[in-house]
Amino acid sequence: MVLHTYEIDSLPTEMDLEAFLGAMLGSQFMLCHDFKESKTYVAFEDADAHVRIKHAVAGIGMHEENIAWRRLSLPRYAVGYSATRMDRDGRVLETFRELYSILSHSGAMFLVSFVPASAEQVDAARLRVEEMASRKSIRLTRNLGSRNGSPSATDSMQMELFYESDERRMLLSLLESLNAASMRNGVAYRVSIIFENNAQVNEYIKANLFVFENRGINVGSVNEAYEFAKHADALPLSHACAAGYLSFSERITRHGTITTRYGCGGGNIELGEYLHGSVTGRGETLHLDYRTFNLGAIISGLPGTGKTATAMNLIRQLSRESDASIVVLSPTGEWNAFGRSVGARVIKLYDGTVRLNFFKCDSGINIERFYENLAMLISSASNAGPYKNSLEKSLLSAFRKSYAATVSPDPAEVYACIENAVIEQHGKRSNVGVKLTKHGENVMAALQNLRLLLMNPQFAYCDGEDFSGLLRTGVVFDLSLVSNSMKPFFYALILNQAYGFADMLDTNGNDELRMLMCIEEAQLMLDREGESAATLDLEQRIQDFRKKGIGLMLIAHSVTDISPGIRRLCQTKVYFRQSADVAKYACGDLVFGEEEGRLVTDKLKGLPQGRCAVSYIAIEDGMRVPKGSVFVEVMFSQGHVEAQPEAKVGKRHAKATVITVIENAAPKAGAAVRMIYVGETVFEGVTDAKGRVVAEGLLEGKMYKMLVLSAKKRETREFSIIGGVDTELQCMEP
């Protein structure tokens with residue numbers, strides 16, 4: 001005999017006990033309650049029984065355990081029945097519920113055996129019970145009858161006591177149970193209990209059960225007890241009555257179950273194992289069709305729940321099933337190794353090894369639309385607050401001039417045009433300088449992020465990588481070196497390049513996936529108020545992306561980080577555990593019945609790592625069909641990759657720039673100098689005895705404005721110098 005043992009580690013809040021019993025298909029099994037280890041096991045010979053149980057009982061959790069059972073101490077065997085455990089609807093209540101509170105600190109072993117009974121055994125037991133009830137009635141009548149044969153008041157009282165007693169009620173209910181078993185072709189179980197000798201258990205059984213047999217037995221292990229119960233003579237009980245003995249300790253975790261309709265999805269992209277009743281895996285994998293990802297996807301959940309690993313798993317499969325290029329924006333470096341493993345280029349911002357000109361408009365892109373989108377995205381990401389519209393207006397005016405002559409303008413020249421546009425619209429020039437209005441000063445202050453970007457050598461030059469080429473082959477943008485305040489700004493600039501590339505594609509991509517953009521921490525690119533021009537623009541683009549075969553995957557910690565309009569448009573949703581204050585909004589995005597809403601909300605608050613609720617689209621007969629939401633345990637193994645060494649590229653080191661100031665044909669010592677680039681002072685110094693000053697960190701080949709200050713710093717002389725080029729300045733005496 002090979003005995004399979006499974007530990008039951010979780011149960012549904014409302015468990016269908018008869019479904020558990022029915023899943024055994026009339027085979028023997030035994031419940032083993034080990035109160036020393038505070039665990040409950042089910043043991044059976046049928047190797048496939050655990051699969052049937054998981055299918056029949058939504059929400060039960062069980063896993064196989066190879067257990068070295070300890071020896072039973074003075075085991076006893078008992079057969080009993082209780083008729084007082086019936087509620088008004090006739091359902092059998094938990095027979096041993098109170099017993100567990102007694103046993104919880106005893107450390108005892110308690111076994112409940114279920115052995116299938118044949119139809120002949122049921123009929124024989126029914127005849128025995130009928131005989132017991134008949135003899136009991138006759139015996140009492142004769143004992144209580146009067147000498148003259150007529151009933152007395154005492155006789156009537158005693159007869160009434162018998163007919164109203166628990167004893168008679170037990171016999172009648174037991175007979176009813178056997179009749180019910182006969183009506184189901186004799187389907188019944190012989191139920192008995194085996195327990196370690198314990199005075200409290202004995203007292204409980206005597207007080208709560210009609211015990212037909214109670215004796216000590218000679219078995220020392222669960223295997224021996226299982227074999228003994230197979231041949232022991234116990235009363236057959238119907239399914240309903242036998243199910244009453246399927247009681248479980250309150251220490252077992254209870255889960256609220258949610259009934260969902262499972263559908264395979266019809267695709268080749270594996271997401272994870274479908275959870276029956278939202279709790280128990282049943283060996284069925286939820287598949288998604290890669291063609292549905294151009295409808296947009298959202299992955300949301302608290303930190304550590306499995307969002308990034310799930311996204312990697314999906315993207316790896318999508319890259320295999322389609323020819324889509326992969327574009328990832330990540331605020332950390334965790335996507336770098338993954339990107340290299342799928343053949344994507346990894347570009348790390350602020351490392352100085354790769355030049356990028358975010359103002360470069362690649363060939364084939366409509367230049368007017370390119371710079372209009374650029375103005376809108378920069379103003380949305382610039383923290384301009386109420387001055388966003390004014391900033392966007394200035395940017396549009398500047399870009400119109402910058403892109404009039406070239407599609408790849410110098411970033412410093414672009415900034416100069418922006419600054420001039422702000423002055424024209426919100427200030428005026430005079431012979432002593434520039435006077436800005438308060439509005440203009442605020443707009444100029446909002447350009448601080450842009451100035452910081454342009455002073456970095458990686459983004460300061462007009463030549464740079466071909467963004468269209470990067471997007472076609474796949475790229476991961478690593479923003480781990482970028483400050484949190486600057487990340488939204490970089491997201492905007494990168495997205496503008498992606499939007500420009502998308503505009504070049506035709507609209508025949510409805511059934512294709514040409515490019516997938518994955519945005520980690522998507523809230524960095526979206527206005528929390530949901531009313532910004534960038535957010536409204538993205539809502540429109542999600543609708544257009546389907547026709548162009550572009551998929552957008554947004555990853556965020558909270559669903560409320562993404563505007564409701566965008567959440568409605570993205571039709572694949574993978575929601576992991578949500579915080580208590582936003583779980584109801586996540587529930588509203590999913591497709592569950594109204595009566596399940598509260599239960600789903602509670603479930604989303606406590607999902608363990610790797611488990612999520614999924615709403616998805618299937619393709620059936622060429623049509624996109626929305627499916628009801630289901631719960632899934634995702635697969636992590638496909639998402640992780642081994643770390644790979646990064647390619648080592650030497651950084652460019654800026655050459656020191658030597659400036660010599662000559663006045664009246666002699667070196668001017670002690671002259672204060674100041675150098676300005678894109679409106680910011682980048683260097684200040686004083687000439688030495690030879691009239692020289694060495695400026696470190698100037699960008700090679702970039703034009704700087706240099707001011708030579710008078711002794712009182714009131715009168716200045718202005719020059720233009722080139723970074724990296726040693727220059728001698730001839731100053732006239734003021």
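The values are calculated or read from the model by the stated rules, or taken from the named source; none is laboratory data. If you're wondering where the values come from, they're calculated on a predicted model, not measured in any experiment. Counting neighbours? That spans all protein chains shown, and the Cβs are built from the backbone with ideal geometry, glycine included.
Scanning the range 247-302 for residues that are surrounded by fewer than 18 Cβ atoms within 10 Å (Cβ to Cβ) and closer than 30 Å to SER101 by Cβ, we see that the one that is farthest from the chain's Cα centre (by Cα) is GLU250. Do the conditions hold for GLY628, that is, is it small (Gly, Ala, Ser) and either at pLDDT 80 or above or over 21 Å from THR308 (Cα atoms) (or both)? When the stated conditions are applied, GLY628 passes them. Note on the range 657-683: residues that are in contact (Cβ under 8 Å) with a residue 40 or more places away in the chain and part of a strand (DSSP E or B) amount to 12. When every residue of the range 60-73 is checked against the conditions, at least one turns out to be surrounded by fewer than 21 Cβ atoms within 10 Å (Cβ to Cβ), at pLDDT 85 or above, within 26 Å of VAL211 (Cβ to Cβ) and not hydrophobic (A, V, I, L, M, F, W, C).
Is it true that some residue in the range 645-656 is surrounded by fewer than 16 Cβ atoms within 10 Å (Cβ to Cβ) and either within 21 Å of the chain's Cα centre (by Cα) or at pLDDT 90 or above (or both)? Looking through the range 645-656, none of the residues is surrounded by fewer than 16 Cβ atoms within 10 Å (Cβ to Cβ) and either within 21 Å of the chain's Cα centre (by Cα) or at pLDDT 90 or above (or both).
Candidates in the range 419-445 are the residues that are β-branched (Val, Ile, Thr) and assigned to a helix (DSSP H, G or I); of these, the one that is nearest to LYS388 (Cα to Cα) is VAL443.
Hey, can you tell me all the residues within the range 384-438 that are among the acidic types (Asp, Glu), in contact (Cβ under 8 Å) with a residue 40 or more places away in the chain and farther than 20 Å from GLY464 by Cβ? Within the range 384-438, GLU392, GLU419 meet the criteria. Scanning the range 37-77 for residues that are over 18 Å from GLU227 (Cα atoms) and charged (D, E, K, R) yields GLU37, LYS39, ASP48, ARG52, LYS54, GLU64, GLU65.
If you go through the range 266-314 and keep only what is within 30 Å of ILE8 (Cβ to Cβ) and part of a loop (DSSP other than H, G, I, E, B), you end up with GLY277, SER278, VAL279, GLY301, LEU302, GLY304, THR305, GLY306. Selection within the range 515-534: residues that are at pLDDT below 85 and buried (at least 19 other Cβ atoms within 10 Å of the Cβ). The member of this set that is farthest from PRO386 (Cα to Cα) is MET525. Taking the criterion of being farther than 23 Å from GLU413 by Cβ and part of a helix (DSSP H, G or I), the only residue of the range 344-383 that qualifies is SER380.
So that you can scan it fast, the table gives a plain yes or no per residue for (1) without any contact (Cβ under 8 Å) to a residue 40 or more places away in the chain; (2) not in a helix (DSSP H, G or I); (3) not acidic (Asp, Glu):
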{"site": "LEU171", "(1), (2), (3)": "no, no, yes"}
{"site": "LEU175", "(1), (2), (3)": "no, no, yes"}
{"site": "SER192", "(1), (2), (3)": "no, yes, yes"}
{"site": "GLU227", "(1), (2), (3)": "no, no, no"}
{"site": "PHE248", "(1), (2), (3)": "no, yes, yes"}
